[in-house]
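**Q** So that we are looking at the same thing, I have put the structure below in structure tokens.
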Amino acid sequence: MTRARWALLAILVLAAALRFYRAAEMPLRADEASSLFLARQDLQDIVRVFVTSDPHMPLYFLILHFWMLAAGISELAARFPAIFVGVLSVALTYALGRQLFPRRPQIALIGAALIALNPFLIWDAQDVYMYSALTVTTLVSFNLFLHLIKPGARGAHWIAYIIASAVGLYFHYFFAFILLAQGILWIYWIFTRPIDLRATMRFAFAASASAIAILFLPWVIVALPLLTTFHSDFIPPLSLLEMCQRALVTFTVGRTDTRMAPAWVEPTIGTLLSLGFLAIFLYGAFAQNSAEGAGRVALVIFLGVPMGAFFTYSLVRFPLFDERYVLYISAAFSLLVARGLANLWDSPWRRWIAIVAAAFIVIADGYALNNYFHVPEFARSPDWHTFMQTLNEQAQPGDVLIQNYPDPALPYYLQDRMPRVLLPRSGSATIAEVNADLQRVTAKYARVWFQAAPYSTWDTDGVVETWLRRHARLVSASEPRGLRLALYLPASVALRQAEPINATFAGQIRLRAFDSETRGKIARPGMTVRVTLYWQAITRPARAATVFVHLYDADGKLWSQQDNPPVSGTYLTTDWETDTIIVDEYALTIPADAPSGKYFLEVGMYDSQTRERLVVVDARGKAFPQNRVPLFEVEW
């Protein structure tokens with residue numbers, strides 16, 4: 001093999017290594033799990049989604065459906081198709097560079113190397129979604145398109161181009177912007193005549209465009225109602241300058257915006273690093289060379305027309321720009337950067353600049369990739385592996401898991417290990433409906449695991465967590481990266497394990513029981529004493545009451561206290577429902593200067609307005625001294 005081919009092979013090996021690296025270790029993010037869930041449906045159900053509600057295309061998910069039947073649904077198996085086409089995109093970028101700049105193969109090699117190292121393309125190649133497929137079909141189509149203008153173009157090239165372009169459309173509607181760029185480039189070539197475009201070739205291109213349209217027409221007819229009515233306000237509007245700035249970061253060091261996917265570069269750092277790439281890009285895009293004019297213009301059109309189309313569509317319909325959407329035109333940017341580096345290298349007195357520029361690119365990409373692969377702050381997905389490890393180690397028969405946002409990653413990892421309940425059942429469910437569902441669930445199961453994931457269009461006000469804090473005892477809580485997992489005991493279960501008291505306040509509120517892990521243990525100064533109280537409204541209280549939990553010594557001196565309305569001030573007694581159990585937790589810190597001896601933890605209530613203590617009596621009607629109910633002793 002020639003040195004160029006050996007170099008290309010090395011680049012492809014590097015590209016494959018970076019795209020396989022940790023692909024089997026990183027948990028799936030929500031969009032990936034959603035892709036797997038959809039791809040596992042029946043074929044007609046997959047297609048129906050994209051006809052009725054989802055403005056994407058079904059081809060990727062149909063391919064993934066059959067791939068999973070053969071390869072399984074592990075993280076690596078699911079990501080393998082994207083990894084494969086991600087590496088293929090590197091080879092196709094090289095082929096595109098060779099066609100556009102046949103006299104300087106180094107441009108093609110450098111362009112391929114830039115694609116191999118591109119952090120966002122590596123991220124995309126490890127993602128179970130269609131954008132890597134869109135990138136590779138774009139490159140296949142553009143390579144075939146360039147073949148059509150050559151004197152030796154045969155009918156097979158035209159057929160291949162038509163099929164590849166139609167396939168691109170069935171991967172994503174955004175491929176239409178590539179066809180628009182190719183049409184503009186064809187017109188440009190006709191008028192500037194850098195090549196011989198005979199009338200028959202002009203007709204052939206028009207015929208091929210018609211053939212592509214005919215192949216895509218059946219889908220357009222089926223999906224037209226959705227396409228004409230769909231509207232989204234999810235993506236914020238951007239100016240053309242903002243769009244170009246974010247695209248520049250995308251083409252160079254990755255993602256800085258976190259609204260639709262995790263970032264892995266700080267915005268300021270990402271912008272500064274991208275400016276270095278921009279200088280090299282501009283030198284590659286505008287440095288004059290009569291022999292390379294056609295190739296340079298082709299890349300500028302390849303890059304500029306889709307960007308302009310995104311901006312125009314955003315003005316006419318609704319905002320449509322996200323960094324990931326422009327990844328499929330990265331090869332055009334990278335080849336122009338490669339041309340800039342090659343131009344610098346070819347000038348002996350600028351060669352040192354080329355070396356510095358190349359080192360800068362490697363360091364910038366290395367910085368972004370290190371963030372992506374190794375810095376938890378920039379991880380692509382929540383740590384579902386640790387989440388599931390905790391769940392598997394502590395789960396018991398009779399447990400249930402409540403999820404307050406329909407993140408599809410949870411059912412992917414949970415499988416059938418434990419019953420799972422989604423609450424609210426819909427984003428429009430009322431608080432009363434959610435509370436009723438929670439009462440039914442906690443009455444059925446002995447323990448409740450809760451994966452809290454607040455989301456702006458689902459459990460907006462944290463209704464599920466609020467109810468659990470009021471009516472279940474928190475046993476444990478952990479926070480794997482990007483996730484929260486809490487274990488609760490329903491009040492009916494926790495009551496059976498608690499110490500009964502049966503004290504009644506003002507004839508309206510009953511303190512049923514309490515529990516504390518500190519009870520019966522030797523304490524120490526600085527230690528936090530935690531106690532959980534179980535209240536029940538006999539009748540709905542007419543006035544708001546404040547709970548006090550005090551720590552006294554044997555002489556009646558107060559050493560520590562916590563006074564607040566129930567449930568950390570969030571559940572006023574006037575809001576209590578009759579006969580409902582309220583779980584109320586308190587934490588008192590023993591002062592560091594408290595002398596050794598016996599201390600007494602006592603609880604009571606007072607009117608929140610008058611601060612007069614409520615009269616409290618035991619089960620026999622006997623009043624407690626000073627209207628304080630003794631709970632237990634603390635000794636050190």
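The values are calculated or read from the model by the stated rules, or taken from the named source; none is laboratory data. This structure is a prediction, so every number in the text was calculated from the model and none was measured. Because the Cβ atoms are built from the backbone with ideal geometry, glycine has one as well, and the counts that use them run over all protein chains shown. What goes into the accessible areas is simple: the full protein's heavy atoms, side chains included, and nothing from ligands, DNA or RNA. Shrake-Rupley method; radii C 1.70, N 1.55, O 1.52, S 1.80 Å.
**Q** Using DSSP to define loop residues, name the trypsin sites (Lys or Arg not before Pro) in the stretch 125-224 whose beta-carbon has at most 14 other beta-carbon atoms within 10 Å.
**A** Arg154, Arg198
**Q** Residue by residue through the stretch 374-383, what is 3J(HN,Hα) from phi via Karplus (6.51 cos²θ - 1.76 cosθ + 1.60, θ = phi - 60°)? Round to whole Hz and write x for glycine and proline.
**A** Per-residue couplings from phi come out as 10, 9, x, 4, 10, 4, 6, 8, x, 7 Hz.
**Q** Provide the convex hull volume over Cα atoms per residue for the stretch 510-596, in Å³.
**A** About 104 Å³ per residue, rounded to a whole number.
**Q** What Kirkwood hydrodynamic radius, in Å, does the stretch 26-180 give when the mean of 1/r is taken over all pairs of distinct Cα atoms and then inverted?
**A** Its Kirkwood hydrodynamic radius stands at 16.7 Å.
**Q** Leaving out ligands and nucleic acids, and using a 1.4 Å probe, what accessible area per residue does the chain come to in Å²?
**A** Value for the chain: 45 Å² per residue.
**Q** Using only the Cα atoms of the stretch 348-402, what semi-axes does the equivalent ellipsoid have when each is the square root of 5 times a gyration tensor eigenvalue? Give whole Å, largest first.
**A** One finds semi-axes of 49, 7, 5 Å for the stretch 348-402.
**Q** Something else now. Placing +1 at every Lys and Arg Cβ and -1 at every Asp and Glu Cβ, with all other atoms neutral, what dipole size does the chain have around its Cα centre, in debye to the nearest 20?
**A** Taking the Cα centre of the chain as origin, the dipole is about 1920 debye.
**Q** Please give the charge dipole size of the stretch 131-249, origin at the Cα centre, charges +1 on K and R Cβ atoms and -1 on D and E Cβ atoms. Round to the nearest 20 debye.
**A** Value, rounded to 20: 480 debye.
**Q** Then there is this: Apply the Debye scattering formula to the chain, with a single equal point scatterer on each alpha-carbon and no solvent, then give log10 I(q)/I(0) at q = 0.07 Å⁻¹.
**A** Log10 I(q)/I(0), no solvent term: -0.61.
**Q** Continuing with the same structure: What does the highest-first list of 132-144, 420-432 look like by mean Cβ count within 10 Å?
**A** 132-144, 420-432
**Q** Still on this model: Summing Lys, Arg as +1 and Asp, Glu as -1, what charge do residues with Cβ under 15 Å from the Cβ of Ala472 carry, Ala472 excluded?
**A** Local net charge: +2.
**Q** Taking a temperature of 25 °C and a viscosity of 0.890 mPa s, what whole-number D in µm²/s does Stokes-Einstein yield for the stretch 570-636 with Rh from Kirkwood over alpha carbon pairs?
**A** Translational diffusion coefficient: 166 µm²/s.
**Q** Please give the net charge around Leu335, taking every other residue with its beta carbon less than 15 angstrom from that of Leu335, where Lys and Arg add +1 and Asp and Glu add -1.
**A** Result for the local shell: +4.
**Q** Please figure out what share of the DSSP beta bridges in the chain is antiparallel and state it in percent, rounded to the nearest 5.
**A** 85
**Q** Tell me the angle of helix 175-192 to the major Cα principal axis of the chain, expressed in degrees between 0 and 90 and rounded to the nearest ten.
**A** It is inclined by approximately 30 degrees.
**Q** Something else: Report ³J(HN,Hα) in whole Hz for each residue of the stretch 625-633, in order, from the Karplus equation J = 6.51 cos²θ - 1.76 cosθ + 1.60 where θ = phi - 60°; Gly and Pro get x.
**A** Each residue of the stretch 625-633 in turn: x, 6, 6, 10, 9, x, 9, 7, 8 Hz.
**Q** Still on this structure, please answer the following. With every atom except the alpha carbons ignored, what do you get for Rg and Dmax of the stretch 357-460, in angstroms?
**A** In Å, with Rg to one decimal and Dmax whole: 19.2, 66.
**Q** Moving on. Going by average Cβ neighbours within 10 Å, how do the peptides 156-166, 205-215, 483-493 rank, with the highest at the top?
**A** So the peptides 156-166, 205-215, 483-493, ranked by packing, come out 483-493, 156-166, 205-215.
**Q** Name the residue farthest towards the positive end of the dipole of the stretch 295-418 from the options Ser347, Pro306, Ala395, assuming +1 on Cβ of Lys and Arg, -1 on Cβ of Asp and Glu, about the Cα centre.
**A** Ser347
**Q** What is the sum of charges, Lys and Arg at +1 and Asp and Glu at -1, for the other residues whose Cβ falls under 14 Å from the Cβ of Phe66?
**A** Value of the local net charge: 0.
**Q** Given the options Ala544, Thr574, Ala506, identify the residue whose Cα lies farthest towards the positive end of the charge dipole of the stretch 500-636 (+1 on Cβ of Lys, Arg; -1 on Cβ of Asp, Glu).
**A** Final value for the positive-end residue is Ala506.
**Q** Here's another thing I want to ask about it. Of Tyr325, Pro267, Leu588, which is farthest towards the positive pole of the chain's charge dipole, taken about the Cα centre with +1 and -1 on the beta-carbons of Lys, Arg and Asp, Glu respectively?
**A** Toward the positive end, the furthest listed residue is Tyr325.
**Q** Just reorder Glu602, Glu32, Glu393 by solvent-accessible area, largest first, 1.4 Å probe, all chains present.
**A** Descending accessible area places them as Glu393, Glu602, Glu32.
**Q** Here's a follow-up. Could you run the Karplus curve 6.51 cos²θ - 1.76 cosθ + 1.60 with θ = phi - 60° over the stretch 91-101 and give me ³J(HN,Hα) per residue in whole Hz, x for Gly and Pro?
**A** Listing the rounded values in order: 5, 5, 5, 4, 4, 5, x, 5, 6, 7, 10 Hz.
**Q** Mind giving me the FRET efficiency for Gln389 and Glu266? R0 is 30 Å, r the Cβ-Cβ distance, nearest 0.05 is fine.
**A** Working from the Cβ atoms, E equals 0.50.
**Q** Mind checking the dipole of the stretch 41-184: about its Cα centre, +1 per Lys or Arg Cβ, -1 per Asp or Glu Cβ, Debye to the nearest 20?
**A** 820
**Q** Further question on the same structure: Any chance you could give the angle, 0 to 90 degrees and rounded to 10, that helix 199-229 forms with the longest Cα principal axis of the chain?
**A** 20
**Q** How large a share of the accessible area of the stretch 181-308, in percent, is made up of carbon and sulfur atoms when the probe is 1.4 Å and the other protein chains stay in place?
**A** C and S atoms contribute 73 percent here.
**Q** Separate question: How much length would be gained if the chain were fully extended between Val300 and Arg417, taking 0.36 nm per residue of separation minus their Cα-Cα distance, in nm to one decimal?
**A** 36.8 nm
**Q** Give me the angle, in degrees from 0 to 90, between the Cα long axis of helix 330-346 and the longest principal axis of the Cα atoms of the chain, rounded to the nearest 10.
**A** 60
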